[in-house]
Amino acid sequence: MKKTSLYFNRELSWIEFNARVLYQACRKDIPIIERLKFLAIVSSNFDEFFMVRVAGLKNRLQTNPEEKDLCALTPSEQLKLISKRVHEITDKQYSVLVNEVIPELAKVGIQYVPPKEFTVEQKNFTQSLFQREIFPLLTPLRTDSNVSLHMSNLRLHAAFKLMPLPNIEKNPLFSSDNFESPIAVVQVPASISRIVQLPSETEVKQFALLDDIIAEYGTMLFPGYSVLETMLFKVTLDADFAVNEESDINFIHAMEDVLEKRKSSVPVRMICTKASSNILEFLKNKLNLLDEDVYQVSGIIDPSTLLYLADLPEAKNLSFPEWKHFMPSAFSKPNTMWDVLKQEDMLLHVPYHSFEPVLNFLNAAADDSKTLAIKMTLYRTSGDSPVIKALERAARNGKQVTVFVELKARFDEKRNISWATQLEKAGVIVVYGIVNLKVHGKVLLVVRKEKDKVIRYVHLGTGNYNDKTAKFYVDMSLFTCNQDIANDTTLFFNVISGYSVIQPMKKLVMAPINLKSRLLELIDREISISSPDSPGLIMAKINSLAHQEIIEALYKASCAGVNVLLNIRGICMLVPGIPNQSERIKVVSIVGRYLEHTRIFYFQNGGREELYLSSSDLMPRNLDRRIELMFPITQEDLFQKVKEILQCYFKDNTNAHQLNMDGSWTPVATTGEDEEILEKFSVQDYIYSTYKKKYLNKEKTNSLDFVVRRRN
């Protein structure tokens, strides 16, 4: 019998997360627009996966081809397994798109019309549109053997195989060794909408795609030629570049160099419409791609384009019912929050709660004459960020404002460089992170002079200070005036900004200093307390588990009789259910209408329970190469609230999958062990309905949200 591996491959485990996203798109009990959104998420997830993870493997294939991962797989072996599984998922994704989602949209009055189905009126309309508004934007590029072909990352292109018409005169500006059957490439412009509304003789809303129209009328781009074949395609480029942090050049300039390199890096994948082998083989050779790097699809490349349809009036009832973002009453009047926080801690749970309390907290600090200083970390924020505006205003109002902007936040580097520059112009002290470490912890400190003393207020969270993603990312954060946490937060900022030696902290735990060792201590403590009569319990909700030392500690805990419940959104390299190894470990995953992002750690501790929130996942990059924070929830009412929420994540039988020993994920069934029908339970629905009931009652009674109780 083949021995079960102790680890799943990191990349293949992530791919299975995307398969769980696709599973949601396949569910016929989900509104059709939501199914379309899940299909789009699958595509965008794979785009980033290939840009970073697959690109990294390809680089290792060149530099260290015999290097093996924890599963004893070489880069070459991993790439083959990745290609096989991603091809399977992509085929299923497009089957659902073409055979289910698009036909269902047509049934409800939103119809995609390919060029071959244009009516005479639609053909005249699109041809006129092409000549007037599209043709002037297009630049056809020749692809002679002596001409390099550089594709823009993730941009849609059309390739045309041409045939010269009889007796045409050869263009004297260039010579071509494939003059008899040249291939030209045209980039589809991103400056105009890809969705083209069509005139219709019925009440059905009909649309075509910009790329279809370009392919249909592409002959107009090549006078003297006929178009034999057309293929639409999109190339994914290597984005796995890291800045040289030891360089003597300006760090921002070094980051800008990285961004420039991404624009012209090597291709790692091509997704394309099905065409003859001529165009495909030509582009594959030109771009140095292998068969396993090419994904041919029968459908619309990049389904995210269709999300435009969600805003049509016809789609109003085709999405999930709208959920309100509730406002905790203690934050409805920003000027009173300081008094509230002096009495009790406050918990914010977005997107069930509104993100407004964070903005109110920051805006009140920026405008209040009692505020002396504001310090915070920024990893990712939105495009038109109210956070940035508040920080600028605070600096102009004479507050001392210090912001740690992490320029190395992947794919947000350009935005963060812009914010850093803008903040500096306003007088903010900007620190560009730490050499060789990313500052990923989420923390905001406000220092105020009240009467005759200085009081510090702290906000700590599991998610970014991003008002846009806070509308669909599930995160928790704590507002507190706790003196120990305030002291620790002050020490934290001193450590990451200057030359302060690492000092002991009473409440906060910091990676890469002691977060990993603290987690290992907590696991070991649970092992030491556990007994057959009173087994230990560890519960965790995280995004990823890939750290070998943590996995080994959890295996040890299982062997010692500790029950381990893990709710993991994405990567899980731990193998559950191995006899005498991990049989007490259960791993489940939730994919629902909101993106699960909260990190919660619970330890039963023989009845003296402890519960923590953190910015960190359990991965080498988080515990060993990032500045992360973990902080305790000690106030009794908040402790019980977070614990109850965490427990509910292991009751879900609607949007949950359970991880099997072979690496597959099985949807959690609504039937019990004796085949009895269980009541459906969705943790996200439950949390929302609980908050809704609570806050509707609060509005009627106009009372405060929390009772003043603290846990010792």
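Do you know which of the residues in the range 424-444 that are of a type in the set (A, V, I, L, M), in a strand (DSSP E or B) and farther than 18 Å from Leu478 by Cα is most open to solvent (accessible area, probe 1.4 Å)?
So, considering only residues that are of a type in the set (A, V, I, L, M), in a strand (DSSP E or B) and farther than 18 Å from Leu478 by Cα, the one most open to solvent (accessible area, probe 1.4 Å) is Ile429.
Tell me yes or no: at least one residue of the range 397-405 is small (Gly, Ala, Ser), open to solvent by 40 Å² or more (accessible area, probe 1.4 Å) and over 27 Å from the mean Cα position of the chain (by Cα).
Yes, there is a match, as at least one residue in the range 397-405 is small (Gly, Ala, Ser), open to solvent by 40 Å² or more (accessible area, probe 1.4 Å) and over 27 Å from the mean Cα position of the chain (by Cα).
Would you check if there is a residue in the range 132-148 being closer than 24 Å to Leu309 by Cα, at pLDDT 90 or above and aromatic (Phe, Trp, Tyr)?
no
Are there strands (runs of 3 or more DSSP E) fully within the range 269-379 with at least 2 residues that are surrounded by fewer than 21 Cβ atoms within 10 Å (Cβ to Cβ)? List them.
Filter on the range 269-379 gives 294-297, 371-378.
Determine which member of the set Lys414, Lys408 is open to solvent by 40 Å² or more (accessible area, probe 1.4 Å) and modelled with pLDDT under 95.
Lys414
Could you check how many residues of the range 447-487 are closer than 30 Å to Arg569 by Cα and of a type outside the set (D, E, K, R)?
Qualifying residue count for the region: 20.
Is there a residue in the range 445-462 that is of a type in the set (Gly, Ala, Ser), surrounded by fewer than 20 Cβ atoms within 10 Å (Cβ to Cβ) and on the phi < 0 side of the Ramachandran plot?
no
Among the residues of the range 68-79, write down those that are under 25 Å from the mean Cα position of the chain (by Cα) and part of a helix (DSSP H, G or I).
Hits for the range 68-79 are Pro75, Gln78, Leu79.
Cβ-Cβ below 7 Å, separation at least six or inter-chain, first residue in the range 592-606 and in a loop (DSSP other than H, G, I, E, B) and β-branched (Val, Ile, Thr), second modelled with pLDDT of 95 or more and surrounded by 22 or more Cβ atoms within 10 Å (Cβ to Cβ): which pairs?
Listed by first residue and then by second, the contacts come to Thr598/Thr462; Thr598/Val474; Thr598/Asp475; Thr598/Met476; Thr598/Lys541.
For Arg625, only one of the following conditions fails: (1) modelled with pLDDT of 95 or more; (2) under 24 Å from Trp14 (Cβ atoms); (3) in contact with a Lys or Arg (Cβ under 8 Å, 6 or more places away or on another chain); (4) open to solvent by 40 Å² or more (accessible area, probe 1.4 Å). What is its number?
Condition not satisfied by Arg625: (1).
So which residues in the range 572-593 are open to solvent by 20 Å² or more (accessible area, probe 1.4 Å) and either polar (S, T, N, Q) or under 21 Å from the mean Cα position of the chain (by Cα) (or both)?
Asn580, Gln581, Arg593
One residue is enough: does the range 494-504 have a residue meeting the conditions surrounded by 14 or more Cβ atoms within 10 Å (Cβ to Cβ), touching a residue at least 40 places away in the same chain (Cβ under 8 Å), touching a strand residue (DSSP E or B) at 6+ places or on another chain (Cβ under 6 Å) and not in a helix (DSSP H, G or I)?
Checking the range 494-504: not a single residue is surrounded by 14 or more Cβ atoms within 10 Å (Cβ to Cβ), touching a residue at least 40 places away in the same chain (Cβ under 8 Å), touching a strand residue (DSSP E or B) at 6+ places or on another chain (Cβ under 6 Å) and not in a helix (DSSP H, G or I).
Kindly provide the set of residues from the range 523-547 that are open to solvent by 40 Å² or more (accessible area, probe 1.4 Å), touching a helix residue (DSSP H, G or I) at 6+ places or on another chain (Cβ under 9 Å) and of a type outside the set (Ser, Thr, Tyr), ordered by number.
Across the range 523-547, the qualifying residues are Asp524, Arg525, Ile529.
Looking at this structure, is Arg132 out of contact with any His (no Cβ under 7 Å at 6 or more places or on another chain), open to solvent by 50 Å² or more (accessible area, probe 1.4 Å), in a helix (DSSP H, G or I) and within 27 Å of Pro620 (Cα to Cα)?
The answer is no for Arg132.
Name, by its number, the condition in (1) within 17 Å of Gly441 (Cβ to Cβ); (2) assigned to a strand (DSSP E or B) that does not hold for Asn567.
In the conditions (1) within 17 Å of Gly441 (Cβ to Cβ); (2) assigned to a strand (DSSP E or B), Asn567 misses (1) alone.
Considering only the range 1-58, how many residues are open to solvent by 30 Å² or more (accessible area, probe 1.4 Å), assigned to a helix (DSSP H, G or I) and aliphatic (A, V, I, L, M)?
2
List the residue pairs whose Cβ atoms are under 6 Å apart, where the first residue sits in the range 66-84 and is farther than 15 Å from Gly663 by Cβ, the second is open to solvent by less than 20 Å² (accessible area, probe 1.4 Å) and assigned to a helix (DSSP H, G or I), and the two are 6 or more positions apart or on different chains.
Final answer for the pair search is Pro75/Leu57; Leu79/Leu57.
Assess whether Lys556 counts as being within 23 Å of Phe472 (Cα to Cα) and either among the basic types (Lys, Arg) or within 26 Å of the chain's Cα centre (by Cα) (or both).
In short, no.
Can you list the strands (runs of 3 or more DSSP E) found entirely within the range 168-235 that contain at least 2 residues being open to solvent by less than 20 Å² (accessible area, probe 1.4 Å), at pLDDT 90 or above and closer than 19 Å to Pro115 by Cα?
Counting at least 2 such residues, we get 195-197, 205-209.
The values are calculated or read from the model by the stated rules, or taken from the named source; none is laboratory data. Small disclaimer: the values here were computed from a predicted structure and weren't measured. All Cβ positions, even for glycine, are placed from backbone atoms using ideal geometry, and neighbour counts span all protein chains on display. Surface accessibility is based on the protein's heavy atoms, side chains included, excluding ligands, DNA and RNA. Shrake-Rupley method; radii C 1.70, N 1.55, O 1.52, S 1.80 Å.
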